[in-house]
Amino acid sequence: MSSVFDQLNQGSAITSGLRKVDKSEMTHKNPSLRASSVVPDQSNSKVGGTSPTSNGKPPVPSKKSKPENMRAKTPARKQLDGNKWYIERYESPADIIEIPAQLSHSILISHCNKAIVKINGKANAISIDNCTSLSVIVDSLVSSVDVIKSPKFALQIDGVVPTVLLDQVDGASLYLSEASLNTEIFSSKCSNVNIVVPPKEATDDDSKELPIPEQIRTIIRNGVAVSEIVEHAG
């Protein structure tokens with residue numbers, strides 16, 4: 001250890017024992033040395049782009065998925081499977097989609113845009129999801145119409161439908177007949193929903209549009225949350 005400190009204490013004199021390299025031994029001074037130098041294997045180099053594969057060939061670029069509008073579309077479907085009707089993927093059909101329903105039939109309508117569906121006869125129930133600008137005309141139902149995430153929706157009830165359920169619907173018009181004025185309508189996370197009721201019999205009045213309330217006022221009374229509809233006059 002003492003010999004190491006002795007060398008460090010020499011300062012700049014420590015380099016006096018080094019041998020000077022002759023020009024003939026310098027690669028950048030001697031062309032013959034440069035010619036005999038070994039070029040490193042490309043497989044070990046990661047400089048300058050993508051590294052080749054083990055067989056020496058560049059990797060094949062992965063195929064990019066096609067944009068949504070260029071993918072092959074699944075054809076529209078209107079099918080009775082057992083007791084269930086499936087109405088799917090209709091895009092602006094030229095004609096009304098008519099369903100000959102029976103009492104035991106349930107009707108499922110999904111991903112239909114700018115379409116009109118007419119249910120002929122009394123069915124059990126109707127479920128609608130992810131449709132835009134869909135209009136449904138129904139005679140009567142045993143149970144309910146259930147609508148989820150379907151903006152600009154319209155429903156015309158000619159007979160009796162006990163219940164209409166609306167969930168996350170932005171813009172809807174419900175046209176009731178004299179026979180369907182007792183229909184119960186439940187709405188959740190909805191906006192711009194209107195009920196259109198027929199004029200009174202033996203009058204020249206027009207149909208009346210009744211908006212479903214959207215604003216609720218809640219206060220605490222005696223430790224209980226009490227909510228009421230906010231009405232705007234004028």
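The values are calculated or read from the model by the stated rules, or taken from the named source; none is laboratory data. Keep in mind that this is a model prediction, so the values were computed, not measured. Because the Cβ atoms are built from the backbone with ideal geometry, glycine has one as well, and the counts that use them run over all protein chains shown.
General observations
- In segment 183-206, the residues that are assigned to a loop (DSSP other than H, G, I, E, B), of a type in the set (S, T, N, Q) and touching a residue at least 12 places away in the same chain (Cβ under 8 Å): Thr183
- Selection of segment 186-226 for residues being over 19 Å from Gln156 (Cα atoms) and hydrophobic (A, V, I, L, M, F, W, C) yields Ala202, Ile216, Ile219, Ile220, Val224, Ala225, Val226.
- Where Val193 falls short, out of the listed (1) within 28 Å of the chain's Cα centre (by Cα); (2) surrounded by fewer than 17 Cβ atoms within 10 Å (Cβ to Cβ): (2)
- Flag set for Glu214, criterion: surrounded by fewer than 16 Cβ atoms within 10 Å (Cβ to Cβ) and not in a strand (DSSP E or B).
- Taken over segment 125-174, the criterion of being surrounded by 18 or more Cβ atoms within 10 Å (Cβ to Cβ) and either outside any strand (DSSP E or B) or of a type in the set (Lys, Arg) (or both) is satisfied by Cys131, Leu134, Ser150, Val161, Val169.
- Under the condition of being in contact with an Asp or Glu (Cβ under 8 Å, 6 or more places away or on another chain) and of a type in the set (Val, Ile, Thr), the residues counted in segment 198-217 number 1.
- Of all residues making up segment 97-120, the number that are in a strand (DSSP E or B) and either among the β-branched types (Val, Ile, Thr) or touching a Leu at 6+ places or on another chain (Cβ under 8 Å) (or both): 8
- Residue check for Lys114: crowded, with 16+ Cβ neighbours inside 10 Å and charged (D, E, K, R): no
- Filter result for Ser143 (of a type in the set (Gly, Ala, Ser) and at negative phi): yes
- Residue check, Ile185 under 20 Å from Arg89 (Cα atoms) and at pLDDT 95 or above: no
- Selected residue [under 21 Å from the mean Cα position of the chain (by Cα) and of a type in the set (D, E, K, R)] from Asp146, Asp139: Asp146
- The residue of segment 87-105 that is surrounded by the most Cβ atoms within 10 Å (Cβ to Cβ), among those that are touching a Lys or Arg at 6+ places or on another chain (Cβ under 6 Å) and within 23 Å of Gly159 (Cβ to Cβ), is Ile87.
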